[in-house]
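The values are calculated or read from the model by the stated rules, or taken from the named source; none is laboratory data. Values in this document were obtained by computation on a predicted structure and should not be read as measured data. Here the Cβ positions follow ideal geometry from the backbone for every residue, glycine too, while neighbour counts run over all protein chains shown. Accessible surface areas use protein heavy atoms only, side chains included; no ligands, DNA or RNA. Shrake-Rupley method; radii C 1.70, N 1.55, O 1.52, S 1.80 Å.
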Amino acid sequence: MDNQGAGGRPPIRSQEDLRAHFGQVNLIAEKKVLHHLDKFCRDFIALSPFLVLATSDGNGHADASPRGDAPGFVAVLDDKTLLIPDRRGNNRVDTFGNIIASPGIGLIFMVPGINETLRVNGRAEISQDAELLAPLAMQNVVPIIGLKIHVEETYFHCGKALMRSNLWSPAAQVERTSFPTLGRIIAEQTAAIETEVAEKTLEEGYRTRLY
């Protein structure tokens with residue numbers, strides 16, 4: 001291995017090296033971490049139509065999955081508990097499988113137009129509680145399974161990443177025709193379906209099987 005990192009700094013090979021490289025944690029950054037959902041967290045979650053959910057299978061194989069619906073689709077059950085309803089998907093169930101193996105979970109909530117994000121870390125369990133899931137119905141379809149999140153820490157993340165990416169700017173939106181359709185990508189990657197059939201299947205799914 002190299003004996004010197006970029007900028008002439010020693011290579012990072014341990015937690016101690018990591019801390020030496022970055023220096024001490026900013027006091028505010030350290031103190032902003034809560035262990036419950038306060039009013040600001042609750043209000044942000046109520047505005048959020050989208051989150052990214054990270055899990056692991058317990059063997060170091062990580063997975064990140066998007067979740068999205070109308071703002072407030074994630075229920076705040078109390079100041080330590082969230083419930084994420086499961087909507088129709090492709091039945092890979094990677095997230096659920098990971099939770100069975102290893103319940104640790106990380107969430108990043110986003111709100112269009114706000115550069116700051118909300119991070120929630122904790123432990124998850126599969127919920128099939130009909131009474132809890134019934135209020136989360138959409139288009140008269142009641143979810144029959146969901147993820148109950150037991151909050152261990154939560155904090156707001158500064159907006160630098162979204163500011164650098166210019167994510168919410170209309171001027172930054174990519175012209176859809178500049179990138180291949182998912183149907184074409186799947187057809188070429190799998191060689192198991194014709195592009196036209198794949199595109200029609202996806203279009204029908206988007207139109208009739210969101211819930």
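T154 satisfies every condition listed in (1) open to solvent by 60 Å² or more (accessible area, probe 1.4 Å); (2) in contact (Cβ under 8 Å) with a residue 12 or more places away in the chain; (3) over 13 Å from I84 (Cα atoms); (4) β-branched (V, I, T) except (1).
Suppose we filter the range 31-57 for residues that are in contact with a helix residue (DSSP H, G or I) (Cβ under 7 Å, 6 or more places away or on another chain) and either without any contact (Cβ under 8 Å) to a residue 40 or more places away in the chain or within 18 Å of V76 (Cβ to Cβ) (or both); how many remain? Counting residues in the range 31-57 that are in contact with a helix residue (DSSP H, G or I) (Cβ under 7 Å, 6 or more places away or on another chain) and either without any contact (Cβ under 8 Å) to a residue 40 or more places away in the chain or within 18 Å of V76 (Cβ to Cβ) (or both) gives 1. Out of the residues in the range 1-57 that are among the acidic types (D, E) and open to solvent by 50 Å² or more (accessible area, probe 1.4 Å), state the one that is modelled with the lowest pLDDT. The extreme case among them is D2.
Are any of the residues in the range 95-110 hydroxyl-bearing (S, T, Y) and under 17 Å from C158 (Cβ atoms)? No, the range 95-110 contains no residue that is hydroxyl-bearing (S, T, Y) and under 17 Å from C158 (Cβ atoms).
One line per residue, one yes/no per condition, for (1) in contact with a Ser or Thr (Cβ under 7 Å, 6 or more places away or on another chain); (2) open to solvent by 70 Å² or more (accessible area, probe 1.4 Å):
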site: H61; (1), (2): no, yes
site: N90; (1), (2): no, yes
site: I99; (1), (2): yes, no
site: P103; (1), (2): no, no
site: G106; (1), (2): no, no
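Considering the range 163-198, the residues that are under 30 Å from G104 (Cα atoms) and of a type in the set (A, V, I, L, M) include one that is surrounded by the most Cβ atoms within 10 Å (Cβ to Cβ), namely L167.
Here is a yes/no grid of residues against (1) of a type outside the set (F, W, Y); (2) out of contact with any His (no Cβ under 7 Å at 6 or more places or on another chain); (3) in a helix (DSSP H, G or I):
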| position | (1), (2), (3) |
| --- | --- |
| F109 | no, yes, no |
| N115 | yes, yes, no |
| G122 | yes, no, no |
| I126 | yes, yes, no |
| L132 | yes, yes, yes |
| P135 | yes, yes, yes |
| I149 | yes, yes, no |
| E153 | yes, no, no |
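Among the criteria (1) small (G, A, S); (2) assigned to a strand (DSSP E or B); (3) without any contact (Cβ under 8 Å) to a residue 24 or more places away in the chain, the one A192 does not fulfil is (2).
The conditions of being touching a helix residue (DSSP H, G or I) at 6+ places or on another chain (Cβ under 9 Å), surrounded by fewer than 18 Cβ atoms within 10 Å (Cβ to Cβ) and either under 19 Å from Q139 (Cα atoms) or acidic (D, E) (or both) are met by G72. Out of curiosity, is K160 of a type outside the set (V, I, T) and surrounded by fewer than 15 Cβ atoms within 10 Å (Cβ to Cβ)? The answer is yes for K160. With respect to the conditions (1) hydrophobic (A, V, I, L, M, F, W, C); (2) under 17 Å from the mean Cα position of the chain (by Cα); (3) closer than 24 Å to D57 by Cα, I114 falls short on a single one, namely (3).
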